[in-house]
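Encoded as structure tokens, the structure appears first; notes follow it.
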């Protein structure tokens, strides 16, 4: 690749007070190229636009300036930090016929990989982390929409995951715009674009974001496309007219509860058939809401808050199969649940009773502030406690205090002890934990 900014060069750019050194090229596409740079001792990423991209989108520079002034909706966005244009001394170094402009953003931290790696089956990641990623994605769009903004063009290509935690990062935030404002040429990415956008009946906005969000969550959870089932196999060439029919003219959810004509093929679409039964019914209902009635009625699509609530509830009921160790999500009301993987009966779990809800005692499950106060926002990034397996005896579970305050533990023996921050106690001997936020009780 020929880099439009020479690696190793030091450039004086308008918009920043210190010279910028180009360290190396990171990648490029139809919009421009991204570089690792250093400014005043800090390493950042710089995206520099190609003249053709600027010509296609005359409002791009204006949107970037507005985004920079508005600041990031949440830490999940690799948000534009500064708009930069070439100063007089930098112009001769640019390998472009027109100088153009670019923007600075944080570098993507090590450990985050493209979401397409997971969807392609190339990433070792647990269901706990996949559900958390879905929650964090919905939470990010919730924060974006609360600021009156819309993304327009979210896809697997601009979503990154941290497999160990499920945390996400969203890049390419130069597509973000004020919801309802019809500026710019960005419409979306085929396969993630809402039907009304693909067919030219509407412009991108928060409602089309909700469709794209549901597609992304579905693909994270099932590693498959929600609209590509048996109908796809009847198409000889998946060209542009065929895509318009599948995604715009006559879209049909592969798990539509009424019309089964587009069900996944057992061979070609095995991942969808294997993963769909894993998840709790409330999550499936949100997919049906968005991909059935919501296909043609954007106002009926599942909202960001609904996704957050359903995914958080699924995490609370997560249970490990005693026979094969697989993660399962049986409904608390199911009297005889079976493991989706091995088919063995699941043992009745221990459930921690909290002021607002219950959490299954399974290694990795967490207690959060919203479990103690329903008025608090749903969040998963500040857990108060985590269930952990004993390092040498996995069937023994403990609860670790992750808060900054001491708790009082009441044991079955009648003894009481102080559980300091960072300490863990054996769940088998525990009756109750008294915390400043409320009590955690275990069944007798």
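Any idea which of 315, 273, 295, 311 is part of a helix (DSSP H, G or I), more than 21 Å from the chain's Cα centre (by Cα) and farther than 20 Å from residue 195 by Cα?
On the way: 315 fails: more than 21 Å from the chain's Cα centre (by Cα); 295 fails: farther than 20 Å from residue 195 by Cα; 311 fails: more than 21 Å from the chain's Cα centre (by Cα).
Of the residues listed, the single one that is part of a helix (DSSP H, G or I), more than 21 Å from the chain's Cα centre (by Cα) and farther than 20 Å from residue 195 by Cα is 273.
Among the residues of segment 42-61, the one identified as out of contact with any strand residue (DSSP E or B) (no Cβ under 8 Å at 6 or more places or on another chain) and modelled with pLDDT of 90 or more is 42.
Residues that are farther than 23 Å from residue 76 by Cα, touching a residue at least 40 places away in the same chain (Cβ under 8 Å) and in a loop (DSSP other than H, G, I, E, B) within segment 369-402 comprise 372, 373, listed in sequence order.
For residue 166, the conditions (1) at pLDDT 95 or above; (2) surrounded by fewer than 22 Cβ atoms within 10 Å (Cβ to Cβ); (3) assigned to a loop (DSSP other than H, G, I, E, B) are fulfilled apart from (2). Residues considered: 236, 263, 219. Of these, the only one that is buried (at least 17 other Cβ atoms within 10 Å of the Cβ) and over 19 Å from residue 120 (Cα atoms) is 263.
Among the residues making up segment 38-53, those that are surrounded by 15 or more Cβ atoms within 10 Å (Cβ to Cβ), farther than 15 Å from residue 86 by Cα and in contact (Cβ under 8 Å) with a residue 24 or more places away in the chain are 44, 45. Looking at the structure I just gave you, is residue 179 crowded, with 20+ Cβ neighbours inside 10 Å and not assigned by TED's automatic domain parsing to the domain that holds residue 79? It is false that residue 179 is crowded, with 20+ Cβ neighbours inside 10 Å and not assigned by TED's automatic domain parsing to the domain that holds residue 79.
Take the residues in segment 314-330 that are without any contact (Cβ under 8 Å) to a residue 24 or more places away in the chain and closer than 16 Å to residue 365 by Cβ; name whichever of them is surrounded by the fewest Cβ atoms within 10 Å (Cβ to Cβ). I'd like the intermediate steps shown before the answer.
We begin by selecting, within segment 314-330, every residue without any contact (Cβ under 8 Å) to a residue 24 or more places away in the chain; these are 323-326, 330.
Filter once more, so that each one left must be closer than 16 Å to residue 365 by Cβ: 325-326, 330.
Details: 325: 11, 326: 16, 330: 20.
Taking the candidates together, the pick is 325.
In segment 403-423, of all residues being in contact with a strand residue (DSSP E or B) (Cβ under 7 Å, 6 or more places away or on another chain) and free of Cβ contacts under 8 Å to residues at least 12 places away in the same chain, the one that is nearest to residue 364 (Cα to Cα) corresponds to 417.
Matching residues to (1) in contact (Cβ under 8 Å) with a residue 60 or more places away in the chain; (2) within 24 Å of residue 223 (Cα to Cα); (3) surrounded by 24 or more Cβ atoms within 10 Å (Cβ to Cβ); (4) in the same structural domain as residue 383 (by TED's automatic domain parsing):
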position	(1), (2), (3), (4)
136	yes, yes, yes, no
143	yes, no, no, no
150	no, no, yes, no
162	no, yes, no, no
198	no, yes, no, no
201	no, no, no, no
207	yes, yes, no, no
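Whether any residue in segment 76-98 is modelled with pLDDT under 90, surrounded by fewer than 16 Cβ atoms within 10 Å (Cβ to Cβ) and touching a helix residue (DSSP H, G or I) at 6+ places or on another chain (Cβ under 6 Å) is what I want to check. There is at least one residue in segment 76-98 that is modelled with pLDDT under 90, surrounded by fewer than 16 Cβ atoms within 10 Å (Cβ to Cβ) and touching a helix residue (DSSP H, G or I) at 6+ places or on another chain (Cβ under 6 Å). What number goes with the only condition from (1) in contact (Cβ under 8 Å) with a residue 40 or more places away in the chain; (2) under 18 Å from the mean Cα position of the chain (by Cα); (3) not in a helix (DSSP H, G or I) that residue 264 does not pass? All conditions are met except number (2). Taking helices (runs of 4 or more DSSP H) as the structural unit, those lying wholly within segment 199-256 and holding at least 3 residues that are in contact with a strand residue (DSSP E or B) (Cβ under 9 Å, 6 or more places away or on another chain) correspond to 206-222. Exactly one of these conditions fails for residue 187: (1) touching a helix residue (DSSP H, G or I) at 6+ places or on another chain (Cβ under 8 Å); (2) assigned to a helix (DSSP H, G or I). Give me its number. Tallying (1) touching a helix residue (DSSP H, G or I) at 6+ places or on another chain (Cβ under 8 Å); (2) assigned to a helix (DSSP H, G or I), residue 187 fails exactly one: (2). In segment 343-368, the residue that is farthest from the chain's Cα centre (by Cα) out of those that are free of Cβ contacts under 8 Å to residues at least 60 places away in the same chain and not in a loop (DSSP other than H, G, I, E, B) is 345. Of all the numbered requirements in (1) surrounded by fewer than 19 Cβ atoms within 10 Å (Cβ to Cβ); (2) modelled with pLDDT of 95 or more, residue 333 misses one, and that requirement is (2). Condition check for residue 119 on (1) under 16 Å from the mean Cα position of the chain (by Cα); (2) under 26 Å from residue 65 (Cβ atoms); (3) modelled with pLDDT under 95; (4) buried (at least 17 other Cβ atoms within 10 Å of the Cβ): one failure, at (2).
The values are calculated or read from the model by the stated rules, or taken from the named source; none is laboratory data. Note that the structure is a prediction, hence the values are computed from the model and not measured. Positions of Cβ are backbone-derived with ideal geometry, glycine not excepted, and every protein chain shown enters the neighbour counts.
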